[in-house]
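The block underneath contains the structure these notes are about, expressed in C-alpha cells.
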Amino acid sequence: MKAELLVKERHTFPDGSSFAEIVIWKVPAPVEGSEHGYKYRLAFVVEEVCVVRYDNERSKGDHRHYGEIEESYRFKDIDTLLADFRKDIARWHNERG
C-alpha cells in the first residue's frame with residue numbers, strides 16, 4: 001500500500017488575515033513515534049504566524065502547538081483530531097476577542 005492523501009484543504013477566515021490548512025494521509029505503517037496509520041498536519045495561521053498546529057513528525061509523535069506551548073497529543077481518531085483542532089481555533093478567537 002502506498003500513502004493515500006485523504007484530506008487537503010485550506011479555509012480562509014472572514015477577517016482575511018487568517019486561514020486553516022488541513023493535510024491528512026493514510027500511511028502503510030505508523031510514523032515513528034505514533035501508533036496509528038495516519039500522517040497529518042493541521043495549522044491555523046494568523047497574520048503569517050502559525051498559532052495552532054497539530055502534527056506527528058517522525059520521532060516526535062503526535063503533538064500540538066498552541067502559541068508558544070508544545071505538548072504531547074493523544075490521538076484517538078481523525079474525527080476527534082479535527083474536533084480538537086476546531087476547538088483550539090475557537091479558543092484562540094475567544095481569547096483575543
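A few notes on this one:
- Test: His36 is in contact with a Phe, Trp or Tyr (Cβ under 7 Å, 6 or more places away or on another chain) and assigned to a loop (DSSP other than H, G, I, E, B): yes
- Scoring Pro30 on the criteria (1) touching a His at 6+ places or on another chain (Cβ under 9 Å); (2) not in a loop (DSSP other than H, G, I, E, B) leaves a single failure, condition (2).
- When Val51, Val7 are checked against the criterion of being touching a Gly at 6+ places or on another chain (Cβ under 9 Å) and surrounded by 11 or more Cβ atoms within 10 Å (Cβ to Cβ), a single residue qualifies: Val51.
- Cβ-Cβ distances below 6 Å connect the following pairs, each with a first residue in segment 1-30 that is more than 21 Å from Asp77 (Cα to Cα), a second residue that is aliphatic (A, V, I, L, M) and assigned to a strand (DSSP E or B), and a separation of six or more residues or different chains: His11/Ala20; Ser18/Val46; Phe19/Val45.
- Hey, Arg64 part of a strand (DSSP E or B) and out of contact with any helix residue (DSSP H, G or I) (no Cβ under 9 Å at 6 or more places or on another chain) or not: no
Only the coordinates and a few stated rules stand behind these numbers; no lab work does. Treat the numbers as computed from the prediction; the structure is a model and nothing was measured. For neighbour counting, all protein chains shown are included, and Cβ atoms are generated from backbone atoms with ideal geometry for every residue, glycine included.
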